[in-house]
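Worksheet: one structure, shown below.
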Amino acid sequence: MELFVEQISSGLATGSIYACLALALVMIFKSTNHINFAQGEMALLSTYFAWTLLAAGLPYWATFLLTIVVSFIFGVVIERTVVRAFSSAPHLSLVVVFVGLLLTFNALAGWIWGFMLKDFPSPVRGLSTGTSLVDAHELFVVAVTFVQLVALFAFFRFTKLGLAMRGAALNPASARLVGIRVGWMLALGWGMAGALGAVAGMLIAPVVYLDPNMMLGVLLYAFASAMLGGLGNPAGAVAGGLIFGVLENLMGTYVIGHELKLSFALAVVVAILLVRPAGLFGVSAVRRV
Amino acid sequence: MTAPLPPFQSRTLITAALALAILAPWIASGFQVFQLTQIWVYAIAIVGLNLLTGFNGQISLGHGAFYAIGAYSEAILVSHFGLPYWGALPFAAAISFAAGFSFGLPALKLEGHYLALATFALALAVPQLLKYEKFEDWTGGVQGLFLDKPEAPLHLPLDADQWLYYFTLIITLGLFYLANNLLDGRVGRAITAIRDQPVAAESMGVDVALFKTLTFGVSALYTGVAGAMSAIVIQFVAPDSFTMFLSIYLLVGVVIGGVGSLYGAFIGAAFIVLIPDVASSISKAATGAIYGIMLIALMYVLPSGGWGLLEKARAWLGRARRAPASGPAPIQVPERRAGPR
């Protein structure tokens, strides 16, 4: 029983990590209708950036904030310089461009920081939670994820900027007619995704250690989580992440063993795409032909 | 389409290229012959992916999986069932076709980004499946499987490397001939029609679902044969040769050669075989960076890839030569876009 509870709680923690990156994916999907394959590697670069700051002696929270700001700017710059050039290109070209970004960032991280595993600190490491079932970093991850989710929800629901972003994604032409600067809304979406990804990276790195291929597996899980919850729905993505984290842990412990976790993710992705392409909480898209 | 040159000229070109390909093992050094052999192998795989992505408009980020299936089928059939390397090849092709066809069925419901996502997941999952301990008796687990190096049959005066080269060359040319015929005919028109106008194709009586799954199967067959050939050429298969990056490199090859151009595959294959050699002298990571930047730059500047550039150059040369004699300039036909919409 103890094992079972432990699996659930650690599943919730890893699930929150998936949820963090899934939130970044949802962010871009919501504002541009694209699936950003380079999301994980953008987060990777952010995490390495944070590692460099920490190594230079900056305190954790200053690094945390600075990394988020820089990642936001980085996301905006990527949108404005690279992605913008393909705004009217077909799907295939965009997927190729995202894959190109993935390769470039992955290689860049290896080039600049090397392929050695690096230890990344957690601000709550060593703190006691009063029980052996969860450790402090796991609680920290869950808390940060929920703060992000609530903040995002409030942003989209209650602010004028959030409304403008939703409008720009939903109907760019009409949004432009009422005076929304659609191009900048898209860039803003990329910036926010970059910031969310940076948080995800900094939360994951203490668990799996920092190396250039850290994000590849996590990215697949994040995709699977986002799909499970519905790609356009932040709350759904978080729920998807949590469900997925727990499910993966339980399957790994009791059913299929840990070697097949990725295959399990593949099976989940394909199954969701086939049975409910819009995800558990998503609304299926209606298309005019 | 660009204006074709007088036929004899392109025929001389083809003959010259063929002669060069046939003479190569006698001119080039041992390692260069090996590299050329690898280029032919990758060319097959790239044609396979291009059939699906370039001509049929279904993107795949997971073709490394079919490459792996072909390679492992070949290796398992040879080492566990004692088939000769050439005898296992048709079975490897059939298994790859079956795998592609069955993945093509669920892929029918997916489009664009979603298909990319599902195939991406496939690419990530395959090495793990190959390492799985329950299959270890067959796949050799992390260790992989070793094969024997084939010798030239019939007492041909060739050493093993030269024989491998010619064997690969024959298979490659045969498969290109078949792909060319496939695309030239009714089936090829159906395949490209589905890419350009699925609704119109359907209303013209094209069985879209059938053709899409068949294309997936044929595409996997080509890539699987390439995988099997690579197993023969390298005499070794192991899970870590078939990571997600292999799938991405194949896509790089398609884009560099030209999306939707058959013979561009040779350019793409040469690129992905030769560039890592040049790049690794700079840094271990340089290959990835060069590939990535080339992908983005080509998509922006030259979506029709290396082959598109050659065709443009040829058309330009042809115009320059004809211009003084033919009075008014020929009417410009708007160029057909090579990339899928």
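Restricted to segment A:101-119, and to residues there that are of a type in the set (Phe, Trp, Tyr) and part of a helix (DSSP H, G or I), the residue that is farthest from the other protein chains (Cβ to nearest Cβ) is A:Trp113. In segment B:224-248, of all residues being of a type in the set (Val, Ile, Thr) and part of a helix (DSSP H, G or I), the one that is nearest to B:Ile290 (Cα to Cα) corresponds to B:Ile248. For B:Ala220, the requirement of being part of a helix (DSSP H, G or I), of a type in the set (Gly, Ala, Ser) and surrounded by fewer than 19 Cβ atoms within 10 Å (Cβ to Cβ) is not met. Can we say B:Phe242 is buried (at least 20 other Cβ atoms within 10 Å of the Cβ) and aromatic (Phe, Trp, Tyr)? So B:Phe242 fits the description; yes.
Of the residues in segment A:75-88, none is in contact (Cβ under 8 Å) with a residue 60 or more places away in the chain and of a type in the set (S, T, N, Q).
Here's the yes/no breakdown for (1) crowded, with 21+ Cβ neighbours inside 10 Å; (2) at pLDDT below 85; (3) closer than 21 Å to A:Ala200 by Cα; (4) of a type in the set (A, V, I, L, M, F, W, C):
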{"site": "A:Val82", "(1), (2), (3), (4)": "no, no, no, yes"}
{"site": "A:Leu92", "(1), (2), (3), (4)": "yes, yes, no, yes"}
{"site": "A:Val97", "(1), (2), (3), (4)": "yes, no, no, yes"}
{"site": "A:Leu101", "(1), (2), (3), (4)": "yes, no, yes, yes"}
{"site": "A:Trp111", "(1), (2), (3), (4)": "no, no, no, yes"}
{"site": "A:Pro121", "(1), (2), (3), (4)": "no, yes, yes, no"}
{"site": "A:Arg125", "(1), (2), (3), (4)": "no, yes, yes, no"}
{"site": "A:Val134", "(1), (2), (3), (4)": "no, yes, yes, yes"}
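Criterion first (farther than 17 Å from B:Ser60 by Cβ, away from chain A (no Cβ under 11 Å), surrounded by 22 or more Cβ atoms within 10 Å (Cβ to Cβ) and modelled with pLDDT of 85 or more) does B:Phe266 satisfy it? Taking the combined requirement at face value, the residue satisfies it.
Limited to segment B:189-210, what total is found for residues that are without any contact (Cβ under 8 Å) to a residue 60 or more places away in the chain and surrounded by 15 or more Cβ atoms within 10 Å (Cβ to Cβ)? Counting residues in segment B:189-210 that are without any contact (Cβ under 8 Å) to a residue 60 or more places away in the chain and surrounded by 15 or more Cβ atoms within 10 Å (Cβ to Cβ) gives 6.
Residues in segment A:87-100 that are part of a helix (DSSP H, G or I) and within 7 Å of chain B (Cβ to nearest Cβ): A:His91, A:Leu92, A:Ser93, A:Val95, A:Val96, A:Val97, A:Val99, A:Gly100. When residues in segment A:31-75 are screened for being small (Gly, Ala, Ser) and under 15 Å from the mean Cα position of the chain (by Cα), 7 of them pass. Considered as a group, the residues in segment B:308-321 that are surrounded by fewer than 23 Cβ atoms within 10 Å (Cβ to Cβ) and closer than 30 Å to A:Thr104 by Cα include one that is nearest to the other protein chains (Cβ to nearest Cβ), and that residue is B:Leu309.
Exactly one residue out of A:Gly167, A:Gly183, A:Gly197, A:Gly230 is within 14 Å of chain B (Cβ to nearest Cβ) and either at pLDDT 85 or above or more than 30 Å from A:Gly114 (Cβ to Cβ) (or both): that is A:Gly230. Of all residues in segment B:40-65, which are β-branched (Val, Ile, Thr) and within 22 Å of B:Val233 (Cα to Cα)? Those that are β-branched (Val, Ile, Thr) and within 22 Å of B:Val233 (Cα to Cα): B:Val41, B:Ile44, B:Ile46, B:Val47. For A:Thr32, indicate whether it is within 13 Å of chain B (Cβ to nearest Cβ) and free of Cβ contacts under 8 Å to residues at least 24 places away in the same chain. No: the conditions fail for A:Thr32.
Is there a residue being more than 14 Å from chain B (Cβ to nearest Cβ), assigned to a helix (DSSP H, G or I) and within 20 Å of A:Gly40 (Cα to Cα) anywhere in segment A:242-265? For segment A:242-265, residues more than 14 Å from chain B (Cβ to nearest Cβ), assigned to a helix (DSSP H, G or I) and within 20 Å of A:Gly40 (Cα to Cα): present. Against the test of being at pLDDT 90 or above, of a type outside the set (Val, Ile, Thr) and surrounded by 12 or more Cβ atoms within 10 Å (Cβ to Cβ), the options A:Phe86, A:Phe72 yield a single qualifying residue, A:Phe72. Counting the residues of segment B:116-145 that are more than 14 Å from chain A (Cβ to nearest Cβ), closer than 16 Å to B:Phe242 by Cα and surrounded by fewer than 14 Cβ atoms within 10 Å (Cβ to Cβ) gives 1. Only one of (1) facing chain A (nearest Cβ under 7 Å); (2) in contact (Cβ under 8 Å) with a residue 24 or more places away in the chain fails for B:Ser283. Which number is that? With (1) facing chain A (nearest Cβ under 7 Å); (2) in contact (Cβ under 8 Å) with a residue 24 or more places away in the chain applied to B:Ser283, the lone miss is (2).
Identify, from the list A:Ala55, A:Ala43, the residue that is more than 17 Å from A:Phe105 (Cβ to Cβ) and either acidic (Asp, Glu) or out of contact with any Pro (no Cβ under 7 Å at 6 or more places or on another chain) (or both).
A:Ala55
The values are calculated or read from the model by the stated rules, or taken from the named source; none is laboratory data. Nothing here was measured: the structure is a model prediction, and the numbers come from that model. Note that we place each Cβ from the backbone using ideal geometry, even for glycine, and neighbour counts take in every protein chain shown.
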